[in-house]
Amino acid sequence: MAKMVLCNTKKPKLLDQKRGYLNTLKFRLFTDVTGGVITGTTQAGDFTEVVDTGYPSGGTFPNFATPSLNGSNQAEATSSPITWTFNYSGGTPFTIKGYYATDVNDGGLVLSQFAASPVSITGAGQTYTLIPKMLDDTMP
């Protein structure tokens with residue numbers, strides 16, 4: 001079966017239809033995931049979420065901007081940075097291995113990703129910043 005080709009000028013418009021939903025997702029950080037891998041069947045309950053009084057349990061909303069066409073002819077929407085500042089309330093170091101986002105209505109997992117490099121939190125005042133970005137350029 002031949003692949004459908006999207007007109008470059010309309011790719012941002014299609015991604016913009018998803019933007020409303022993307023802005024309702026709750027972004028969360030994890031320190032571990034069951035089995036150590038993320039697959040298409042991974043569920044929100046498989047992640048061990050960060051626990052710290054400086055970290056809002058339940059996640060943080062993104063703020064995706066209007067999509068545009070990038071230099072690779074992909075529709076791209078980037079969120080404002082999400083920054084968490086930790087109080088180190090447990091007094092025990094922990095390592096952020098990545099993030100995941102859940103549907104605000106049913107709590108189901110929508111997307112997840114390991115960080116490029118894990119980040120260790122070893123004291124109060126340390127921060128972690130995530131800049132979510134969505135790319136969209138194909139259809140099945």
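So the values come out like this:
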| item | result |
| --- | --- |
| Among residues of the range 4-50, those that are without any contact (Cβ under 8 Å) to a residue 40 or more places away in the chain, in contact with a helix residue (DSSP H, G or I) (Cβ under 8 Å, 6 or more places away or on another chain) and part of a loop (DSSP other than H, G, I, E, B), counted | 0 |
| Selection from the range 101-140 of residues that are within 23 Å of residue 42 (Cβ to Cβ) and in contact with a helix residue (DSSP H, G or I) (Cβ under 7 Å, 6 or more places away or on another chain) | 102, 107, 108, 109, 134, 136 |
| Residue check, residue 16 of a type in the set (Asp, Glu) and in contact with a strand residue (DSSP E or B) (Cβ under 9 Å, 6 or more places away or on another chain) | yes |
| Some residue of the range 52-65 being under 18 Å from the mean Cα position of the chain (by Cα), in a helix (DSSP H, G or I) and not basic (Lys, Arg) | no |
| Hits in the range 98-140 - residues which are under 19 Å from residue 38 (Cα atoms) and part of a loop (DSSP other than H, G, I, E, B) | 103, 107, 108, 132 |
| Residue among 78, 92 that alone is β-branched (Val, Ile, Thr) and assigned to a strand (DSSP E or B) | 78 |
| Enumeration of residues in the range 105-136 that are over 18 Å from residue 77 (Cβ atoms) and in contact with a Leu (Cβ under 8 Å, 6 or more places away or on another chain) | 128 |
| Number of the condition not met by residue 86 [criteria: (1) within 15 Å of residue 119 (Cα to Cα); (2) at pLDDT below 95; (3) hydrophobic (A, V, I, L, M, F, W, C)] | (2) |
| Checking residue 27 against (1) of a type outside the set (Lys, Arg); (2) at pLDDT below 95; (3) touching a strand residue (DSSP E or B) at 6+ places or on another chain (Cβ under 9 Å), the condition it does not meet | (2) |
| Selected residue (criterion: farthest from residue 133 (Cα to Cα)) from residues of the range 51-84 that are β-branched (Val, Ile, Thr) and either without any contact (Cβ under 8 Å) to a residue 12 or more places away in the chain or surrounded by 13 or more Cβ atoms within 10 Å (Cβ to Cβ) (or both) | 60 |
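The values are calculated or read from the model by the stated rules, or taken from the named source; none is laboratory data. All figures in this text were calculated on a predicted structure; none of them were measured in a lab. In this analysis, Cβ positions are derived from the backbone assuming ideal geometry, glycine residues included, and neighbour counts consider all displayed protein chains.
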